[in-house]
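Student: Here you go, one structure.
The values are calculated or read from the model by the stated rules, or taken from the named source; none is laboratory data. Bear in mind the structure is a predicted one, so any value in this text is a computation, not a measurement. All Cβ positions, glycine included, derive from the backbone under ideal geometry; neighbour counts span all protein chains shown. Areas reflect the complete protein model, heavy atoms only, side chains present, ligands, DNA and RNA absent. Shrake-Rupley method; radii C 1.70, N 1.55, O 1.52, S 1.80 Å.
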Amino acid sequence: MASFQIRKYRDEDSEAVRDTFTMGMSEHVPSSFMHMLKQPPTQMVLMCLFCALITSSKSFLLPILAVTLVLAGARQLVVYMFNKYIDTSLSKDLNNISETYLKQKDSYFWVAEVDGVVVGTVACLPAENAPACLELKRMSVCRSHRRMGIAKALCRTVAEFTRERGFAAVLLVTSVVQTDAQKLYEDMGYKKIREFVVPELPAKIMNFTLMEYRLDLQREGKSE
(Lines give C-alpha, C1' and ligand atoms only; values in the text may rest on other atoms or scores of the structure.)
Protein backbone atom coordinates (compact mmCIF):
# COMPACT_ATOMS: atom_id res chain seq x y z
CA MET A 1 0.00 0.00 0.00
CA ALA A 2 1.40 3.39 -1.02
CA SER A 3 2.19 5.83 1.76
CA PHE A 4 0.74 9.32 1.82
CA GLN A 5 1.70 12.67 3.25
CA ILE A 6 -0.44 15.62 4.28
CA ARG A 7 0.97 19.03 3.46
CA LYS A 8 0.03 22.65 2.99
CA TYR A 9 -1.79 23.56 -0.21
CA ARG A 10 0.27 25.15 -2.98
CA ASP A 11 -1.07 27.18 -5.90
CA GLU A 12 0.00 24.52 -8.39
CA ASP A 13 -2.43 22.11 -6.66
CA SER A 14 -5.43 24.17 -7.76
CA GLU A 15 -6.55 22.06 -10.71
CA ALA A 16 -6.13 18.77 -8.84
CA VAL A 17 -8.06 20.12 -5.84
CA ARG A 18 -10.92 21.35 -8.02
CA ASP A 19 -11.07 18.02 -9.87
CA THR A 20 -11.04 16.05 -6.62
CA PHE A 21 -13.89 18.16 -5.23
CA THR A 22 -15.95 17.93 -8.43
CA MET A 23 -15.60 14.17 -8.76
CA GLY A 24 -16.33 13.64 -5.08
CA MET A 25 -19.54 15.65 -5.18
CA SER A 26 -20.70 14.09 -8.47
CA GLU A 27 -20.49 10.63 -6.89
CA HIS A 28 -23.50 11.49 -4.74
CA VAL A 29 -25.94 12.00 -7.63
CA PRO A 30 -27.10 8.33 -7.83
CA SER A 31 -27.60 8.00 -4.06
CA SER A 32 -29.42 11.35 -3.95
CA PHE A 33 -31.73 10.21 -6.75
CA MET A 34 -32.51 7.01 -4.84
CA HIS A 35 -33.12 9.11 -1.72
CA MET A 36 -35.68 11.13 -3.68
CA LEU A 37 -37.45 7.99 -4.91
CA LYS A 38 -37.76 6.68 -1.35
CA GLN A 39 -39.69 9.75 -0.20
CA PRO A 40 -43.45 9.05 0.31
CA PRO A 41 -44.57 12.17 -1.65
CA THR A 42 -42.50 11.04 -4.66
CA GLN A 43 -43.95 7.53 -4.53
CA MET A 44 -47.48 8.91 -4.18
CA VAL A 45 -47.09 11.21 -7.20
CA LEU A 46 -45.74 8.37 -9.36
CA MET A 47 -48.50 6.00 -8.23
CA CYS A 48 -51.27 8.55 -8.80
CA LEU A 49 -49.89 9.43 -12.23
CA PHE A 50 -49.68 5.79 -13.24
CA CYS A 51 -53.19 4.96 -11.99
CA ALA A 52 -54.77 8.06 -13.55
CA LEU A 53 -53.23 7.40 -16.95
CA ILE A 54 -53.94 3.68 -17.02
CA THR A 55 -57.56 4.37 -16.07
CA SER A 56 -58.07 7.06 -18.70
CA SER A 57 -56.05 5.49 -21.53
CA LYS A 58 -56.83 1.80 -20.95
CA SER A 59 -53.21 1.14 -21.94
CA PHE A 60 -50.04 0.21 -20.10
CA LEU A 61 -47.75 1.93 -22.58
CA LEU A 62 -48.78 5.53 -21.91
CA PRO A 63 -48.49 5.43 -18.09
CA ILE A 64 -45.16 3.58 -18.32
CA LEU A 65 -43.79 6.19 -20.71
CA ALA A 66 -45.12 9.01 -18.54
CA VAL A 67 -43.56 7.62 -15.36
CA THR A 68 -40.27 7.06 -17.20
CA LEU A 69 -40.25 10.69 -18.33
CA VAL A 70 -41.02 11.90 -14.81
CA LEU A 71 -38.18 9.79 -13.42
CA ALA A 72 -35.79 11.16 -16.04
CA GLY A 73 -36.86 14.69 -15.11
CA ALA A 74 -36.37 13.94 -11.42
CA ARG A 75 -32.85 12.70 -12.03
CA GLN A 76 -32.06 15.83 -14.01
CA LEU A 77 -33.30 17.85 -11.04
CA VAL A 78 -30.77 16.06 -8.83
CA VAL A 79 -28.00 16.64 -11.37
CA TYR A 80 -28.94 20.33 -11.58
CA MET A 81 -28.83 20.71 -7.80
CA PHE A 82 -25.36 19.18 -7.52
CA ASN A 83 -23.98 21.02 -10.56
CA LYS A 84 -25.21 24.30 -9.12
CA TYR A 85 -23.49 23.61 -5.80
CA ILE A 86 -20.27 22.56 -7.54
CA ASP A 87 -20.25 25.64 -9.79
CA THR A 88 -20.91 27.94 -6.82
CA SER A 89 -18.08 26.39 -4.80
CA LEU A 90 -15.63 26.53 -7.71
CA SER A 91 -16.41 30.20 -8.28
CA LYS A 92 -16.12 31.15 -4.60
CA ASP A 93 -13.63 29.71 -2.11
CA LEU A 94 -12.13 27.15 -4.49
CA ASN A 95 -11.52 29.84 -7.09
CA ASN A 96 -8.74 31.32 -4.96
CA ILE A 97 -7.80 28.89 -2.23
CA SER A 98 -4.74 30.78 -1.06
CA GLU A 99 -6.70 33.98 -0.56
CA THR A 100 -9.62 32.26 1.16
CA TYR A 101 -7.79 29.84 3.43
CA LEU A 102 -4.07 30.64 3.67
CA LYS A 103 -4.11 34.42 3.99
CA GLN A 104 -6.95 34.59 6.52
CA LYS A 105 -6.59 34.23 10.27
CA ASP A 106 -7.30 30.77 11.74
CA SER A 107 -7.88 29.27 8.30
CA TYR A 108 -5.91 26.64 6.41
CA PHE A 109 -6.03 24.20 3.49
CA TRP A 110 -4.24 20.84 3.29
CA VAL A 111 -3.85 18.23 0.59
CA ALA A 112 -3.04 14.53 0.89
CA GLU A 113 -0.42 13.41 -1.60
CA VAL A 114 0.61 9.97 -2.87
CA ASP A 115 3.65 9.71 -5.15
CA GLY A 116 3.43 13.40 -5.94
CA VAL A 117 -0.28 13.27 -6.85
CA VAL A 118 -3.00 15.06 -4.87
CA VAL A 119 -5.56 12.46 -3.76
CA GLY A 120 -7.34 14.21 -0.90
CA THR A 121 -8.21 17.62 0.50
CA VAL A 122 -9.49 19.28 3.64
CA ALA A 123 -9.76 22.84 4.91
CA CYS A 124 -10.97 24.81 7.91
CA LEU A 125 -11.96 28.34 8.75
CA PRO A 126 -13.80 30.13 11.57
CA ALA A 127 -17.42 29.02 11.88
CA GLU A 128 -19.81 31.83 10.98
CA ASN A 129 -22.33 31.23 13.77
CA ALA A 130 -20.01 29.79 16.42
CA PRO A 131 -17.09 32.10 17.29
CA ALA A 132 -15.44 29.49 19.54
CA CYS A 133 -15.28 26.89 16.76
CA LEU A 134 -13.58 26.22 13.46
CA GLU A 135 -15.49 24.60 10.59
CA LEU A 136 -14.09 21.64 8.67
CA LYS A 137 -14.71 22.04 4.94
CA ARG A 138 -13.83 20.56 1.56
CA MET A 139 -13.11 17.07 2.84
CA SER A 140 -12.65 14.77 -0.15
CA VAL A 141 -10.56 11.71 -0.98
CA CYS A 142 -10.27 10.20 -4.45
CA ARG A 143 -12.15 6.92 -4.75
CA SER A 144 -8.96 5.14 -5.86
CA HIS A 145 -7.22 6.02 -2.58
CA ARG A 146 -9.91 5.35 0.00
CA ARG A 147 -9.57 2.79 2.82
CA MET A 148 -5.99 3.93 3.36
CA GLY A 149 -6.62 6.07 6.44
CA ILE A 150 -6.30 9.33 4.49
CA ALA A 151 -9.66 10.74 5.55
CA LYS A 152 -8.98 10.01 9.23
CA ALA A 153 -5.56 11.63 8.96
CA LEU A 154 -7.11 14.72 7.37
CA CYS A 155 -9.68 14.89 10.19
CA ARG A 156 -6.94 14.65 12.82
CA THR A 157 -4.98 17.40 11.08
CA VAL A 158 -7.93 19.78 11.35
CA ALA A 159 -8.54 18.82 14.99
CA GLU A 160 -4.88 19.44 15.89
CA PHE A 161 -4.88 22.79 14.08
CA THR A 162 -8.06 23.79 15.91
CA ARG A 163 -6.72 22.75 19.31
CA GLU A 164 -3.41 24.56 18.77
CA ARG A 165 -5.28 27.79 18.14
CA GLY A 166 -7.33 27.47 21.30
CA PHE A 167 -10.75 26.83 19.78
CA ALA A 168 -13.23 24.70 21.68
CA ALA A 169 -14.55 22.51 18.89
CA VAL A 170 -14.66 21.60 15.22
CA LEU A 171 -17.96 21.85 13.35
CA LEU A 172 -18.86 20.35 9.98
CA VAL A 173 -21.89 19.78 7.79
CA THR A 174 -22.55 16.68 5.69
CA SER A 175 -25.61 15.35 3.88
CA VAL A 176 -28.07 12.53 4.46
CA VAL A 177 -26.73 10.58 1.46
CA GLN A 178 -23.08 10.72 2.56
CA THR A 179 -23.37 7.70 4.83
CA ASP A 180 -19.66 6.81 4.65
CA ALA A 181 -18.75 10.33 5.74
CA GLN A 182 -21.23 10.17 8.62
CA LYS A 183 -19.68 6.91 9.84
CA LEU A 184 -16.18 8.35 9.52
CA TYR A 185 -17.01 11.44 11.56
CA GLU A 186 -18.83 9.44 14.23
CA ASP A 187 -15.86 7.06 14.49
CA MET A 188 -13.62 10.12 14.95
CA GLY A 189 -15.71 11.30 17.91
CA TYR A 190 -18.01 13.81 16.24
CA LYS A 191 -21.56 14.10 17.60
CA LYS A 192 -24.56 15.04 15.47
CA ILE A 193 -26.09 18.21 16.88
CA ARG A 194 -28.83 19.06 14.38
CA GLU A 195 -30.48 18.25 11.06
CA PHE A 196 -32.04 20.68 8.60
CA VAL A 197 -33.38 20.71 5.05
CA VAL A 198 -31.54 22.74 2.42
CA PRO A 199 -33.69 25.84 1.78
CA GLU A 200 -33.54 25.74 -2.05
CA LEU A 201 -36.70 24.45 -3.76
CA PRO A 202 -35.11 21.41 -5.49
CA ALA A 203 -33.69 20.27 -2.14
CA LYS A 204 -37.05 20.76 -0.42
CA ILE A 205 -38.72 18.62 -3.08
CA MET A 206 -36.14 15.91 -2.43
CA ASN A 207 -36.28 16.34 1.37
CA PHE A 208 -32.49 16.66 1.14
CA THR A 209 -31.33 16.88 4.73
CA LEU A 210 -28.04 18.24 5.99
CA MET A 211 -26.49 17.18 9.29
CA GLU A 212 -24.25 19.29 11.49
CA TYR A 213 -21.61 17.52 13.58
CA ARG A 214 -19.41 18.79 16.41
CA LEU A 215 -16.14 17.50 17.83
CA ASP A 216 -15.64 18.94 21.31
CA LEU A 217 -11.88 19.17 21.77
CA GLN A 218 -11.98 20.18 25.44
CA ARG A 219 -14.06 17.14 26.30
CA GLU A 220 -11.75 14.96 24.21
CA GLY A 221 -8.74 16.34 26.07
CA LYS A 222 -10.24 15.56 29.47
CA SER A 223 -10.79 11.94 28.55
CA GLU A 224 -7.23 11.34 27.36
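Student: Order Val176, Val119, most accessible first, counting only protein heavy atoms with a 1.4 angstrom probe.
Tutor: Val176, Val119
Student: Go through Phe21, Ala130, Val158 and say which Cα lies farthest out towards the positive end of the charge dipole of the chain; charges sit on Cβ, +1 for Lys and Arg, -1 for Asp and Glu.
Tutor: About the Cα centre, the residue reaching furthest to the positive side is Ala130.
Student: Which shape class, rounded, prolate or oblate, goes with segment 140-224 when its Cα gyration tensor gives a ≥ b ≥ c as root eigenvalues, a/c under 1.5 marks rounded, and past that a/b bigger than b/c marks prolate?
Tutor: Oblate, because a/c is 1.5 or more while a/b does not exceed b/c.
Student: So what's the convex hull volume per residue for the Cα atoms of segment 1-103, in Å³?
Tutor: It is 149 Å³ per residue.
Student: In the chain, what percentage of the DSSP-assigned beta bridges are antiparallel, given to the nearest 5?
Tutor: So the antiparallel bridges amount to about 90 percent of the total.
Student: Additional query: Rounded if a/c is under 1.5, else prolate if a/b is larger than b/c, else oblate: which is segment 50-157, with a ≥ b ≥ c the root eigenvalues of its Cα gyration tensor?
Tutor: It comes out prolate by the Cα gyration axes.
Student: At 1.4 Å probe size, with the rest of the protein present, what percent of the exposed accessible area of segment 95-224 is carbon and sulfur atoms?
Tutor: That fraction is 47 percent.
Student: Moving on. Restricting to lysines 8 or more places apart or on different chains, can you count the pairs in the chain with Cα atoms under 22 Å from each other?
Tutor: 28
Student: Okay, next question. Return one whole number: the accessible area per residue of segment 37-187 in Å², for a 1.4 Å probe.
Tutor: 55 Å²
Student: Highest mean first, how do 188-195, 209-216 rank when packing is the count of other Cβ atoms within 10 Å averaged over residues?
Tutor: Descending mean neighbour count gives 209-216, 188-195.
Student: Continuing with the same structure: Below 8 Å between Cα atoms, with a sequence gap of 6+, how large is the relative contact order for the chain in percent?
Tutor: Reported relative contact order: 20 percent.
Student: Extending each Cα 7 Å along its Cβ direction at Tyr80 and Asp11, get the distance between those two points in nm, one decimal.
Tutor: 3.8 nm
Student: Provide the FRET efficiency to the nearest 0.05 for the Ser98-Arg143 pair, computing r from the beta carbons and using R0 = 22 Å.
Tutor: 0.25
Student: To continue, here is another question. How large is the accessible surface of Lys204 in square angstrom, using a 1.4 angstrom probe and rounding to the nearest 10?
Tutor: 120 Å²
Student: Turning to a different aspect of this structure: Counting pairs of Cα atoms in the chain, how many percent are more than 33 Å apart?
Tutor: Tail of P(r) above 33 Å: 26 percent of Cα pairs.
Student: On to the next question. In degrees, nearest 10, range 0 to 90: what is the angle between the Cα axis of helix 40-57 and the longest Cα principal axis of the chain?
Tutor: Compared with the principal axis, the helix lies near 20 degrees.
Student: Looking at Ile205, Met148, Ile86, which one has the Cα that reaches farthest to the positive end of the dipole of the chain (charges on Cβ: Lys, Arg +1; Asp, Glu -1)?
Tutor: Of the listed residues, the answer is Ile205.
Student: In percent, what relative contact order does segment 83-127 have, based on Cα pairs under 8 Å that are 6 or more apart in sequence?
Tutor: Averaging sequence separation for qualifying contacts and normalising by length gives 27 percent for segment 83-127.
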